[in-house]
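The values are calculated or read from the model by the stated rules, or taken from the named source; none is laboratory data. Since the structure is predicted, the reported quantities are computational estimates derived from the model, not experimental observations. Neighbour counts run over all protein chains shown; Cβ positions are idealised from the backbone, glycine included. Only protein heavy atoms, including side chains, enter the accessible area calculation; ligands, DNA and RNA are left aside. Shrake-Rupley method; radii C 1.70, N 1.55, O 1.52, S 1.80 Å.
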Amino acid sequence: MRIITIAAAVIVGAFSSITYVRYVSSRSPGRPLPLLSTRLANFPLWADVAFTTGWIVSSFVLVFTLPIWVGLATCCGATLLPFEVLRRRHNRQVRDRILTP
């Protein structure tokens, strides 16, 4: 049961990150996504709350079911890695659109 809980928390965290970046990039296709401030002017608050809740639930489940350092590392790997990969991919696509005539 514990393995299923951990796997579900990892999946929820990764899915929240992937969905968040895809939604933000679809709302502002011509603007690069900043590293620290992902709160954009044309991004609705309900989406921010929904995706942040997924991250928070995932991180709490991982931190409280695993030892603290393993839980933090798993949480960062599950949520931050997909977020950063997709953010960089979006920014590269925006940069390439600007550079090509």
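Of the residues making up the range 80-101, those that are of a type outside the set (V, I, T) and open to solvent by 90 Å² or more (accessible area, probe 1.4 Å) are L80, L81, R88, R89, R92, R95, R97, L99, P101. For the residues I18, I56, the requirement of being part of a helix (DSSP H, G or I), touching a residue at least 24 places away in the same chain (Cβ under 8 Å) and within 29 Å of I3 (Cα to Cα) singles out I18.
Pick out the one residue from G30, G77 that is small (G, A, S) and either assigned to a helix (DSSP H, G or I) or open to solvent by 80 Å² or more (accessible area, probe 1.4 Å) (or both).
Numbers: G30 fails: either assigned to a helix (DSSP H, G or I) or open to solvent by 80 Å² or more (accessible area, probe 1.4 Å) (or both).
On inspection, the qualifying residue turns out to be G77.
Filter the range 58-71 for residues that are among the aliphatic types (A, V, I, L, M) and either open to solvent by 80 Å² or more (accessible area, probe 1.4 Å) or in contact with a Ser or Thr (Cβ under 8 Å, 6 or more places away or on another chain) (or both) and give the result.
Listed by number, the residues that qualify are V61, L62, L66, I68.
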